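Novice: Pasting in a structure now, in structure tokens, and then I'll have a few things to ask.
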Amino acid sequence: MLLTHLTLDRAYIRPGDRICVAVSGGADSVALLLLLAAENALPRNALGVGLSAVHVHHGLRGEEADADLAFVEQLCRRLEVPLHVHRASVPDRIAQARANGQSQTVEEAARNLRYEVFHGLIADGIADSVLTAHTLDDQAETVLMKLVRGAWTEGLGGIHPVVLVPHATHPGKILRPLLGVRRAELVAYLEARGQSWRTDSSNADEVFTRNRIRHSVLPVLRTENPAIDQALANLAELAREDEARWQVELGRILPQLLLPGKPARGGGRAAGGAAGESVAIEVERLRGLDLALRRRVLRAAARTLGARISFDETVRLLALAGLAPGVEARGGAGSARTGAAHGGVLQLCGGLRAERSVREIRLFLESAKKPAAN
């Protein structure tokens with residue numbers, strides 16, 4: 001069906017807002033800019049916003065990327081929309097990260113660059129919200145990638161419709177008002193208006209994970225379920241709702257469960273390194289929780305130290321506590337001592353370690369453990 005109108009999600013757009021559209025030159029972002037410009041110009045249905053655009057030149061694809069920028073500049077001039085242009089070099093950023101012992105893919109480095117720019121526009125007071133043209137197709141691809149990589153529910157939440165950007169003086173938002181729209185609808189919208197767009201040649205390169213999902217995996221899944229994209233988008237919405245509910249519950253119980261440092265002789269707690277570098281949970285209090293909540297509490301405890309632990313690492317922590325699925329049923333009342341009987345120490349991700357005592361599981365950053373031993 002050839003569409004002549006698309007519905008824009010205005011839930012987080014208010015009259016008087018300064019909104020900035022991220023425009024790459026591709027069909028999705030061009031359609032979003034046209035849609036906003038058209039609605040803001042309507043006398044009866046004007047959004048009443050200050051509209052601008054931003055284009056990030058990643059220092060990739062040479063002359064093709066230069067042509068993308070020229071296209072966006074011409075489009076914004078025609079629409080009389082102010083354009084912010086930011087140039088950077090993704091290869092240089094990857095090299096710098098490597099020199100610092102970090103690893104980044106081209107996709108990760110490019111995405112990090114874009115969001116640094118978006119956050120900067122908000123922090124500088126140039127925009128109240130930056131809008132990206134993510135579609136329902138993008139959502140389906142993201143959820144599938146997260147699923148393949150073993151994500152928890154926060155990962156399966158995929159692309160969020162709104163992300164708050166905190167700042168002391170200029171807080172703002174990243175908005176995705178087209179998450180309910182299919183990519184094909186946007187193409188039809190542009191074709192109906194005779195509007196051209198740019199095609200990024202790297203979108204066909206299956207060296208990138210998203211492109212393999214888009215071009216090879218999803219087409220096969222659509223033969224099984226033609227509505228798989230919508231099903232994955234629905235899964236993302238359910239996961240976000242579940243995650244929000246869990247965060248409320250964790251906010252209620254974590255202050256009662258997490259203990260700083262180590263037990264001190266004679267009672268109380270002794271500091272275990274710098275503040276925020278050690279946290280403990282009593283095994284018996286963990287035992288009183290159902291399995292789903294136990295997993296959440298352990299992962300939340302790790303995150304208070306700046307670490308993210310995997311499903312397998314969470315299972316290992318539960319086993320250290322004698323509370324892994326199946327262990328309690330086999331071990332009965334003595335299962336609380338199982339972890340201590342098997343060494344009582346685990347090495348986890350990012351320098352995170354776990355110790356088991358008779359009463360507690362303690363998590364600490366390895367860098368914090370060494371000074372305490374001197």
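Every number in this text was worked out from the coordinates using simple rules, so none of it is lab data. Bear in mind that the values here come from a model prediction, so they are computed numbers and not experimental data. Here Cβ is always computed from backbone atoms with ideal geometry, including for glycine, and neighbour counts include all displayed protein chains.
Novice: Relative contact order (percent) for the stretch 91-250, with alpha-carbon contacts under 8 angstrom and 6 or more residues of separation?
Specialist: Relative contact order here is 28 percent.
Novice: From zero up to wherever the largest Cα-Cα distance of the stretch 22-115 sits, split into 10 Å bins and tell me the percent of pairs in each.
Specialist: So the P(r) values, bin by bin, are 15, 40, 26, 14, 4, 1.
Novice: Right, next: What is the helix-to-structure angle for 183-192, meaning the angle in degrees between its Cα long axis and the longest Cα principal axis of the chain, kept from 0 to 90 and rounded to the nearest 10?
Specialist: So the inclination is approximately 10 degrees.
Novice: Sorted from fewest to most neighbouring beta carbons within 10 Å, what does the list Leu291, Leu186, Leu60, Leu131 look like?
Specialist: Ordered by Cβ neighbours within 10 Å, fewest first: Leu291, Leu60, Leu186, Leu131.
Novice: Additional query: With each label point set 7 Å from Cα along the Cα-Cβ vector, what nm distance links His170 and Arg111?
Specialist: Modelled inter-label distance: 2.6 nm.
Novice: In nm, give the distance between the simple-model label positions of Val220 and Phe311, each being 7 Å from the Cα along the Cα-to-Cβ direction.
Specialist: 1.9 nm
Novice: Where does the charge balance sit around Glu249 when Lys and Arg score +1, Asp and Glu -1, over other residues with C-beta under 12 Å from its C-beta? Before the final figure, lay out the partial values.
Specialist: On the way: positive: Arg245, Arg252, Arg296; negative: Asp242, Glu243, Asp290.
Local net charge: 0.
Novice: I'd like to know how the stretch 152-223 sits against the 2.2 N^0.38 Å rule of thumb: what's its Cα Rg over that expected value? Could the numbers behind the result be given before it?
Specialist: Values: Rg = 16.7 Å, N = 72, 2.2 N^0.38 = 11.2 Å.
With N residues counted in the stretch 152-223, Rg over 2.2 N^0.38 Å equals 1.49.
Novice: Over the chain, what is the relative contact order in percent, taking alpha-carbon pairs closer than 8 angstrom and at least six residues apart?
Specialist: Details: 547 pairs, mean separation 51.8, N = 374.
So the answer I get is 14 percent.
Novice: Nearest 10 degrees is fine. How inclined is helix 228-257 to the longest principal axis of the chain, computing both from alpha carbons?
Specialist: 40 degrees
Novice: Do any GluC sites (Glu not before Pro) in the stretch 52-110 lie in a DSSP loop with no more than 15 other beta carbon atoms within 10 Å, and if so, which?
Specialist: Answer in residue order: Glu80.
Novice: Among rounded, prolate and oblate, which fits the stretch 18-233 when a ≥ b ≥ c are the square roots of the eigenvalues of its C-alpha gyration tensor, a/c under 1.5 means rounded, and a/b larger than b/c means prolate?
Specialist: Rounded.
Novice: In addition: What's the exposure ranking of Val23, Val30, Val90, Val217, going from fewest to most Cβ atoms within 10 Å?
Specialist: In order of increasing Cβ crowding within 10 Å: Val217, Val90, Val30, Val23.
Novice: Treating only the Cβ of Lys, Arg, Asp and Glu as charged (+1, +1, -1, -1), what charge dipole size does the chain show about its Cα centre? Round to the nearest 20 debye.
Specialist: Numbers: 47 positive and 42 negative charges, 345 e Å.
Computed charge dipole of the chain: roughly 1660 debye.
Novice: So, one more: Could you work out the relative contact order of the stretch 69-172, using alpha carbon pairs under 8 angstrom and six or more residues apart, expressed as a whole percent?
Specialist: 21 percent
Novice: Further, regarding this structure: Roughly how compact is the chain, stated as its Cα Rg over 2.2 N^0.38 Å to two decimals?
Specialist: In units of the 2.2 N^0.38 Å rule of thumb, it is 1.19.
Novice: Then there is this: Rounded to the nearest Å, what's the spacing between the alpha carbon centres of the stretch 221-259 and the stretch 147-197? Just the number, please.
Specialist: For the stretch 221-259 versus the stretch 147-197, the Cα centre distance is 17 Å.
Novice: May I ask you to derive the FRET efficiency for Leu254 and Asp124 from their Cβ-Cβ distance with R0 = 35 Å, giving the value to the nearest 0.05?
Specialist: 0.50
Novice: Does anyone have the angle between helix 291-304 and the longest principal axis of the chain? Alpha-carbon axes, 0 to 90°, nearest 10?
Specialist: Roughly 80 degrees, rounded to the nearest 10.
Novice: Something else about it: Which value at 222 nm does the chain reach when only helices count, each DSSP H run of 4 or more adding -39,500 (n - 2.57), with the total divided by all residues and rounded to the nearest 500 deg cm²/dmol?
Specialist: -14000 deg cm²/dmol
Novice: Further question on the same structure: Can you sort Thr209, Thr223, Thr314, Thr199 from fewest to most other Cβ atoms within 10 Å of each residue's own Cβ?
Specialist: Working: Thr209 16, Thr223 8, Thr314 20, Thr199 13.
Fewest-to-most ranking of Thr209, Thr223, Thr314, Thr199: Thr223, Thr199, Thr209, Thr314.
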